[in-house]
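The values are calculated or read from the model by the stated rules, or taken from the named source; none is laboratory data. What you are looking at is a predicted structure, and each value in this text was computed from that prediction instead of being measured. Here the Cβ positions follow ideal geometry from the backbone for every residue, glycine too, while neighbour counts run over all protein chains shown. Just the protein is used for accessible areas: all its heavy atoms, side chains included, with ligands, DNA and RNA removed. Shrake-Rupley method; radii C 1.70, N 1.55, O 1.52, S 1.80 Å.
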Amino acid sequence: MYLTITRFSRRALPAVVAAALLAGCTSSAGSTDAASGAPSPVATSATPTPTTPTTPPTPTPKPTGAADPALKPFYGQQIAWAPCADDPKTDKVDESVVQCGTLKVPLDYASPAGDAMDVAVVRVPAAKQDQRVGSLLVNPGGPGGSGVSMVKRAPAQFDGPLHDRFDTIGFDPRGVGLTTPLNCLDDKARDEWATTDTPGADHGKVLADACQAKFGKVLPFIGTRNTARDMDVLRAVLGDQKLNYFGMSYGTYLGTLYAEEFPDRVGRLVLDGAVDPSAPLVQHNIEQYAGFERSLRAFAAYCAKQDQCPLGKDPAKAADKLADFLDGLKQKPLTTTGGRTLTATAAWTGVIDGLYGDEKAWDSLRNDLGWAMVRGKGDYLLARADGYNHRDKDGHYGASADAYTAIHCADGATGAPTGEALQAAYAEMAAKAPLISRHEPSLALFDPDCRAWPFRSAEQPHPVTSKSEATIVVVGSTGDPATPYASAEKLTTQLGKAVLLTREGEGHTGYGWSACVRTSVDTFLTEGTVPAAGTRCPTD
């Protein structure tokens, strides 16, 4: 089985890769019944008659989820499923075998009678309906990864135990794909913004201003907690009492917030490639760059032992030779066949893309570096960078890159360090990732740059303590560069009733690289059997 995984990224949003595994905001005062198409008003709580209490009243917690009367129309809606339209660009896939639909949710959960938002949803029904467990929601990561594309463009990837027992559900989170997609910069401006070697002090502000001008109304409501609330509406509409969920990379953070927000609705949750929710974005970036630094050195040492390695034969010097070449592109960029330029920024992005894989994938990166370093041709590294940044062959960008920034900034990434704390952060980054961060330290530390973002969120990084009685399975890989293994250990501890499943080896996430992990996860999701504590799996 194959699962399309979008990796938790360091810069913009990386390309969607296959690893071995597995429309918009509507201004409306009410929701629409998707089955009939008739408008159904969004109910609000009745205003009570004022009284004068003789003693101070005891505050009553505001009901959440399905218990909130104002949200009942959303929880009670039906999705009108229909065969998805076939995409002529994917001639090897017939998307019509997948069912498409739309879920309506409130733009602002604090004011559910206001504007509504349409969430794009797809479904692949369980192959063995007599053995059906329920629905399994999946998220490929990002933030900015499209669950709709993940399922619709490769429905056969779910063949096996999960497809037999679950309706596989993909959805596009707020700001992503077909759900109010955020495209703040035009393609030409995005080309310059994503690849420049001289970003300037206002680099982050350029994007912030563009997003504010085009999407200022929705930006405050794009964050992960609102998407977790959308997932609970979707769970109820699908007819499931509990949420069964498989999230990868950033998708682990989405699942974590769901467990915090709706602990009594947690079913079987798998969080693979875990994000530590307690780490502020700057600290997360430092630890992530440290992970990529380790992977860069491991790759370089591996390359030096292979034939035709452009980094030479000395493993101790190979990483420095690679970094010197990439940084040298600032002064001597490479041209490509199409006339575009391979800048240092683009080349580093291409290398980072290659470090998401294991040793088998490293051979492809070694080849691409050979074309650039030996033959002076930057086409292959630039193609990697384009995939990482979601730029298609026609030069058009998807919404994922801007969703990455908008979601991060909405999740409480606006409290950036200043003064002595900022200098200490730069020093820590330089100490832990001296090669991979020296190209542009500010882009490394502020990724994305939320300092000029047009609003401040109440959301803040914090240790998540779920009160759920259900056991959650966290998967961590010892050589994961994007979500280091320590993050999986920390998340497991925070969740309390959770078990850590460990994969030994390089590469981002675990399910796609190990039959042992796949078997453990599949058995947990389909049968409810929790992996034994301390289980460690090899890479295939």
**OP:** Any lysines with Cα under 23 Å of the K467 Cα? List them, leaving off those in the same chain fewer than 8 positions away.
**Re:** K62, K242, K490, K497
Original post:
For the stretch 92-109, what does the Karplus curve 6.51 cos²θ - 1.76 cosθ + 1.60, with θ = phi - 60°, yield as ³J(HN,Hα) per residue in whole Hz, taken in order and with x for Gly and Pro?
Top reply: 9, 10, 9, 5, 5, 6, 9, 9, 10, x, 9, 10, 9, 9, x, 4, 10, 5
**OP:** Write down the accessible area per residue of the stretch 410-480 in Å², having rolled a 1.4 Å probe over the full set of protein chains.
**Re:** 42
**OP:** Starting from the Cα-Cα distance between A189 and A431, subtract it from 0.36 nm times their residue separation and give me the gain in nm to one decimal.
**Re:** 83.8 nm
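With a 1.4 Å probe and all protein chains left in place, how much of the accessible area of the chain comes from carbon and sulfur atoms, in whole percent? Intermediate results must be reported in sequence, preceding the final value.
On the way: 11560 of 21350 Å².
C and S atoms contribute 54 percent here.
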Original post:
What translational diffusion coefficient, in µm²/s and rounded to a whole number, does the Stokes-Einstein relation yield for the stretch 302-412 at 10 °C and a viscosity of 1.306 mPa s, taking the hydrodynamic radius as the Kirkwood radius over Cα pairs?
Top reply: 106
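Restricting to the stretch 66-221, what percent of DSSP beta bridges are antiparallel, rounded to 5?
Working: 15 of 20 bridges.
Bridges in the stretch 66-221 are about 75 percent antiparallel.
Find how much the distance from Y75 to A301 grows on full extension, using 0.36 nm per residue of separation minus their present alpha carbon separation; answer in nm with one decimal.
Details: separation 226, 0.36 × 226 = 81.36 nm, distance 5.43 nm.
Gain on extension, Y75 to A301, equals 75.9 nm.
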Original post:
Which lysines have a Cα lying under 16 Å from the Cα of K188, excluding residues fewer than 8 positions away in the same chain?
Top reply: K393
Original post:
Tell me, what HN-Hα J-couplings in whole Hz come from the Karplus equation 6.51 cos²θ - 1.76 cosθ + 1.60 at θ = phi - 60° for each residue of the stretch 460-471, using x for Gly and Pro?
Top reply: 9, x, 6, x, 9, 10, 7, 8, 5, 7, 7, 7
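How do K217, K393 rank by accessible surface area computed with a 1.4 Å probe, from largest to smallest? Each step should come with its number before you reach the end.
Details: K217 115, K393 190 Å².
Listed by decreasing accessible area, they come as K393, K217.
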Subject >> Approximate spin-label separation D392-R132, in nm, with each point projected 7 Å along Cα-to-Cβ >> reply: 3.3
**OP:** Mind grabbing the accessible area of I79 for me, 1.4 Å probe, Å², rounded to tens?
**Re:** 20
Original post:
Considering only G339, A82, A486, whose Cα is most displaced toward the positive end of the charge dipole of the chain, charges sitting on Cβ of Lys, Arg (+1) and Asp, Glu (-1)?
Top reply: A486
Subject >> Spatially proximal aspartates and glutamates relative to K205 (Cα-Cα < 20 Å; intrachain offsets below 8 disregarded) >> reply: D186, D187, D191, E192, D197, D402, D411, E440, D447, D449
Original post:
Where both residues lie in the chain, what percent of DSSP beta bridges are antiparallel, nearest 5?
Top reply: 55
**OP:** May I ask you to compute the full-extension gain from K92 to K205, defined as 0.36 nm times their residue separation minus their alpha-carbon distance, rounded to one decimal in nm?
**Re:** 36.6 nm
Original post:
At D264 and K242, where each label point lies 7 Å from the Cα along Cα→Cβ, what is the point-to-point distance in nanometres?
Top reply: 1.5
Original post:
With charges only on Cβ, +1 for K and R and -1 for D and E, what is the dipole size of the chain about its Cα centre, in debye, rounded to 20?
Top reply: 260
